[in-house]
Amino acid sequence: MTQKLTLLMAQINPTVGDINANANKIIDIINTHREHSLIVFPELALTGYPPEDLLFRKSFHEETEKALHNISQITTDSYVVLGHPSLIDGHCFNSASIFHQNKRVALYHKQALPNYGVFDEARYFIPGEARPCVVSIHGFQIGICICEDIWFENPVEQIIRAGADFLLCINASPFDHEKYQLRENRLQTIALRGLSVIYVNTVGGQDELVFDGQSLVMDKTGKVCARAGAFLPELQTVKLDKEHVIGKITPLLEKEHLIYNALVCGTKDYVEKNGFSGVLLGLSGGIDSALTLCIAVDALGGSRVHVLMMPSRYTADFSIADAEKQIAALNVSSTLLSIEPAFNTVMDTLAPSFVGYTPDSTEENIQARIRGLLLMAFSNKTGNMVLNTSNKSETAVGYTTLYGDMVGGFSVLKDVLKTQVYALAKYRNSCTKVIPERVITRAPSAELAENQTDQDSLPDYTIMDAIISLYMEKNLDVKAIIQQGFAANEVTQILELIKRNEYKRRQAAPGIKISCCAFGRDWRFPISSGFNCVS
C-alpha cells in the first residue's frame, strides 16, 4: 500500500509581538485539523516577523517559551512545524520546532541569516550549526530549513545527502512584485535534484513590509501542484506520496492586480494592527489621492474612510467636480474646507517680512502646509489616521512639501512610481469604474500656482521613473544610465535631486514596499554626505 501524507499549509497572518494571540490562533488551527499528518506554520509565526529589538527583551523570550509549552501540550497525532525565536545559553536563534505527541521531537536553527535590504537578522540571531534536520513522519523523510537557507547550497545539500523525500521550508519572505518567479525558479532547481518541495510563507502587512503568502508544494519534476492565494490567510490541505502531490492551485495574479492587492493588504493591516478606527485623506481631484482613496475603501470599507477637499484659488472647478464624483461612487463621507481664508491670513502676517522678495515656492508650500494642518486637526479630533498620498517618484526627487503634503501616519503609495500609479488606477477602474476618466487623462498638477503642471520642473514621468528604477533597483551609476540612452542632463538632474532630498525622506511616513528597493528599510544613505553621485 502506497504511503500517503496529508499536509496542512497554515498560511497565517500573525501580529508582531502579540504572542498570546498568535499562539491562540495556532492552537485553534491544530485543534481543528487533527486529521492532518503534518501541520506547517511559517517562519517566526509565533512572534510575527520581524520582531526586531523585541528580541533583546528577556520578557519577550519568556512569553515565547510559555506559548511554545502550551502549543506542545495540545499536539497529538499530528506533527506540527512552527517557527519561533529560541534563546539558548544567551544565544538567540531563528528556529523551527517540530512537535508530536505533546513534546518537541526536533529543533532546527536557521543557518543562513540574511543581512541585506530589509533584513537585519545578523543583528539578532546567530547561525545554526551546519547539519541537517531530517524528521521521519509516517515513513517519509522530511528535511527542515528556514527561508534564506534555500538560497544557499550547503543547507540544501545537507538535506539531500541525508536522504530526504521532501524539503520543507518555512518562510517570512517579504513581497516585491518580481519575487514570486525568483522563488519558483529556485525551488524548481532544488526539486529537480530529486525531492519534492513544501514552501509555506507568511501573509499580511507589518509596518513597511507586506508578505504575499503564495505557499506552494512542488513535485520532484519541478511542477507546482498546490498553491495558496496571495495576501490572504489560507489553510490548504495537500495530499502527498513519494511521487505525487495533489492540491488546489490558486492562479497567479496579473502584475497590477497583484500590486493592488499588496497595497490593500498593507494598508488594512497597518490600520488594524495599530488600532485605528478609520482613516482620512485629502482628495484633490488628482490621480494619487484618487488611487489612495480606492485602496483605503477596498481595505477598510467606505464607512471607515473620510475625505477632505481643500480647494484654493488655483484649484480647477473640474478638480472639485471629479473629487465629488469619486466620493459618490465610493460612498465615503467628506468635508469641503477652502484654504483661502487661512492662506490670506498667513500671507498678511508674513507680508511685512517678505517685502522685497518675489513670489516663489514659499507661497506654494504654505498652501500645502495649511492642508496638512487641517488634515492633522481632523486626525487629532476624530482619532482617525491620515493617509499620505505621495508616490515614489515625488518622494525620490523631493517634489513634496515637508510638513505639508508629506503629513500622515502611513504612505500608501510610497514605493509606487507615478507610471505605476496610472497603471493601477486603470486596473481598479477595470473592476468597477470609480475614478473619473479625466483624473487619469489630465496632465498631473499640484495646483499650487497658475496653470501649473508637474512637467514644468520635472522630466516626463516615463523617463524619470525609468532613471529612478535603474539607479535604485539596478544600482547603476550615472554613466551606466546614460549609456542606456537617457539624456545626460536629465540623469544628472534626477540623481542630484535624489541625493539632495534624503533629509525629507528621513522624515516621511512609513509606507508599503512593493519593489526590490524601496525608500525606508531598503535605502540607508547618509543625509550628510560628500559623495558625488553624479560624477
Can you tell me which residue among THR237, THR221 is assigned to a strand (DSSP E or B), out of contact with any Phe, Trp or Tyr (no Cβ under 9 Å at 6 or more places or on another chain), in contact (Cβ under 8 Å) with a residue 24 or more places away in the chain and of a type in the set (Ser, Thr, Tyr)?
THR237
Which pairs turn up if I take residues in region 159-186 that are under 20 Å from CYS133 (Cβ atoms) and look for partners that are small (Gly, Ala, Ser) with beta carbon separation below 6 Å, at least 6 apart in sequence or on another chain?
ILE159/GLY143; ALA164/GLY143; PHE166/SER196; LEU167/GLY143; ILE170/GLY83; ILE170/ALA96
Scanning for something at pLDDT 90 or above and in contact with a strand residue (DSSP E or B) (Cβ under 9 Å, 6 or more places away or on another chain), does region 499-508 turn up at least one residue?
yes
Give region 279-304 a look and list any residue that's part of a strand (DSSP E or B) and over 21 Å from the mean Cα position of the chain (by Cα), or say none.
GLY282
Per the filter on region 75-112, residues among the β-branched types (Val, Ile, Thr), outside any strand (DSSP E or B) and open to solvent by less than 30 Å² (accessible area, probe 1.4 Å) are THR75
Criterion: at pLDDT 95 or above, out of contact with any Pro (no Cβ under 6 Å at 6 or more places or on another chain) and either small (Gly, Ala, Ser) or open to solvent by 50 Å² or more (accessible area, probe 1.4 Å) (or both) - qualifying residue of GLY530, GLY511:
GLY511
Residues in region 478-492 that are more than 29 Å from the chain's Cα centre (by Cα), under 11 Å from MET464 (Cβ atoms) and part of a helix (DSSP H, G or I) total 1
Among (1) over 27 Å from the mean Cα position of the chain (by Cα); (2) in a loop (DSSP other than H, G, I, E, B) - the single one VAL407 does not satisfy:
(1)
Picked from region 240-261 (must be of a type outside the set (A, V, I, L, M, F, W, C) and outside any loop (DSSP other than H, G, I, E, B)), the residue least open to solvent (accessible area, probe 1.4 Å) is TYR260
From ARG521, ARG506, residue being open to solvent by 30 Å² or more (accessible area, probe 1.4 Å), under 30 Å from THR267 (Cα atoms) and in contact with a Leu (Cβ under 8 Å, 6 or more places away or on another chain)
ARG521
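The values are calculated or read from the model by the stated rules, or taken from the named source; none is laboratory data. As the structure is a computational prediction, the values presented were derived from the model and not from experiment. So basically every Cβ, Gly included, is an ideal-geometry build from the backbone, and we count neighbours across all protein chains shown. All accessible areas refer to the heavy atoms of the entire protein, side chains included, with ligands and DNA or RNA removed. Shrake-Rupley method; radii C 1.70, N 1.55, O 1.52, S 1.80 Å.
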